[in-house]
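Colleague: To start, I am sharing the structure in question, which I have written as structure tokens.
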């Protein structure tokens, strides 16, 4: 798909939600223009295209905005044929969507809760995240990737675990990614980071660490939200 | 697929259970409705949804599908006939976005009203609910283009996602005295609500408002003895939270 298509992605370099959209675009070989947003001073284009929650990522395809990373990924999958991201079979699609929402609500939100918690609340929040990882560990049984032999929808949705979970652990001073407790997730992370399109499209760990240290220090506030 | 075995585990009062029921009705799919007994969870439910242990669960040929909007999409993809999601990717993305918004932002704002710790917080939650309805009014105006439903001439994904909450919304209006679907604020939604509720595929699945009010009052009576110390009043939304955790 060549010159007639205008594809723009509004994002922020440290955001895992943005990165997963980029991975989806790369999987399909879609050319796009990336626009870096300063979340402290959002562009009027971003606010115009996403007045509802004013967040990145926003995909603009021929002028039409698509919002919410998981929605965007399905849009990319349905718009550009070839190299399917989601499975074809309806039952497997339902299963992939189920695990994606499970991971978003239990794992992603769970780690955010750890960031914000102290003392006993923090211990409880960590236990919840561990329980969630146990479930995902089981999902990986007999598979190299969640998508099988190669990466698929669930791998790119969960891809934030490969970098941002470790960063979160360091910033908020806790540990869940234990190689002994979670051997499959541990090797999945290694395999995932070795995939070319991921390797070439993932932020630098040190910069990401600094970003989230600051983010936490300033009370998770990015002003002008 | 003549020998398809389709079962739905649910409960009459749950808005989430309504969603796959409407979807199956729209597709003309016959199914067995397995009503969960109030206050307990069946073996079948626990086995079919070990992660959340919640209704609804669709069982198709014995295979479980969980999470209401995921079930609706599955029904749309597994059976031909009436299209629930639009055919083009952009409008599908718009539909999915609003389904997500209704479940992740709007509905929590609604149930958050009862949990608001201060009057200030309560006022803010109520404002959020109205703001959400205003967004949805605009969506209906834009995508409906004079048509009765979000899906156009027929019921679609957003109709199901929002419409499933109408029963409890009306029950709340009765119990709280506050009108959420206000003709002066969101006239298109008021009209839409009536048409949606009267639709063939919806009528039989929509719980009666009075029965929901009765149910909420029963729960309040049943639980207030236990939790008066924690929460001075179980409001309607606490009942709703309870039901949605079934």
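Colleague: Of all strands (runs of 3 or more DSSP E) completely enclosed by the range B:27-102, which ones contain at least 1 residues that are within 14 Å of chain A (Cβ to nearest Cβ)?
Modeller: Details: elements: B:32-35, B:57-60, B:63-66.
The strands (runs of 3 or more DSSP E) meeting that bar are B:57-60, B:63-66.
Colleague: Scan the range B:168-186 and give yes if some residue there is part of a helix (DSSP H, G or I), assigned by TED's automatic domain parsing to the domain that holds residue B:135, within 23 Å of residue B:94 (Cα to Cα) and modelled with pLDDT of 95 or more, otherwise no. Talk me through it step by step, then tell me what you get.
Modeller: Initial filter on the range B:168-186 (part of a helix (DSSP H, G or I)): B:168-176.
Next cut, assigned by TED's automatic domain parsing to the domain that holds residue B:135 only: B:168-176.
Filter again for within 23 Å of residue B:94 (Cα to Cα), leaving none.
For the range B:168-186, residues part of a helix (DSSP H, G or I), assigned by TED's automatic domain parsing to the domain that holds residue B:135, within 23 Å of residue B:94 (Cα to Cα) and modelled with pLDDT of 95 or more: absent.
Colleague: Here is a further query. Can you name every residue in the range A:74-86 that is touching a residue at least 12 places away in the same chain (Cβ under 8 Å) and either touching a strand residue (DSSP E or B) at 6+ places or on another chain (Cβ under 9 Å) or facing chain B (nearest Cβ under 9 Å) (or both)?
Modeller: A:74, A:75, A:76, A:77, A:79, listed by residue number.
Colleague: Another question, if that's okay. Here are some conditions: (1) buried (at least 20 other Cβ atoms within 10 Å of the Cβ); (2) touching a helix residue (DSSP H, G or I) at 6+ places or on another chain (Cβ under 7 Å). Residue A:139 meets all but one. Which one does it not meet?
Modeller: (1)
Colleague: Restricting to the range B:148-178, name every residue that is under 17 Å from residue B:212 (Cα atoms) and touching a helix residue (DSSP H, G or I) at 6+ places or on another chain (Cβ under 6 Å).
Modeller: Taking the range B:148-178 first, the residues under 17 Å from residue B:212 (Cα atoms) are B:163-178.
Across the range B:148-178, the qualifying residues are B:163, B:164, B:165, B:166, B:167, B:168, B:170, B:171, B:172, B:174, B:175.
Colleague: Pick from A:71, A:56, A:18, A:66: which is within 14 Å of chain B (Cβ to nearest Cβ), within 24 Å of residue A:158 (Cα to Cα) and touching a strand residue (DSSP E or B) at 6+ places or on another chain (Cβ under 6 Å)? Break it down into steps so the answer makes sense when it comes.
Modeller: Values: A:71 fails: touching a strand residue (DSSP E or B) at 6+ places or on another chain (Cβ under 6 Å); A:56 fails: within 14 Å of chain B (Cβ to nearest Cβ); A:18 fails: within 14 Å of chain B (Cβ to nearest Cβ).
After applying the criteria, what remains is A:66.
Colleague: Tell me, which residue of the range B:116-146 that is within 21 Å of residue B:167 (Cβ to Cβ) and more than 14 Å from chain A (Cβ to nearest Cβ) is surrounded by the fewest Cβ atoms within 10 Å (Cβ to Cβ)?
Modeller: Ranking the qualifying residues of the range B:116-146, first place goes to B:130.
Colleague: Follow-up. Note down all Cβ pairs under 8 Å where the first residue falls in the range A:16-35 and is in contact (Cβ under 8 Å) with a residue 12 or more places away in the chain, the second is part of a helix (DSSP H, G or I) and surrounded by fewer than 18 Cβ atoms within 10 Å (Cβ to Cβ), and they're at least six residues apart or on different chains.
Modeller: Pairs found: A:23/A:197; A:26/A:197; A:27/A:197; A:35/A:45.
Colleague: Can you pull out every residue in the range A:124-138 that is under 15 Å from residue A:165 (Cβ atoms) and either more than 14 Å from chain B (Cβ to nearest Cβ) or not in a helix (DSSP H, G or I) (or both)?
Modeller: A:125, A:126, A:129, A:130
The values are calculated or read from the model by the stated rules, or taken from the named source; none is laboratory data. From a predicted model like this one, the values you see are computed outputs, not experimental measurements. Because the Cβ atoms are built from the backbone with ideal geometry, glycine has one as well, and the counts that use them run over all protein chains shown.
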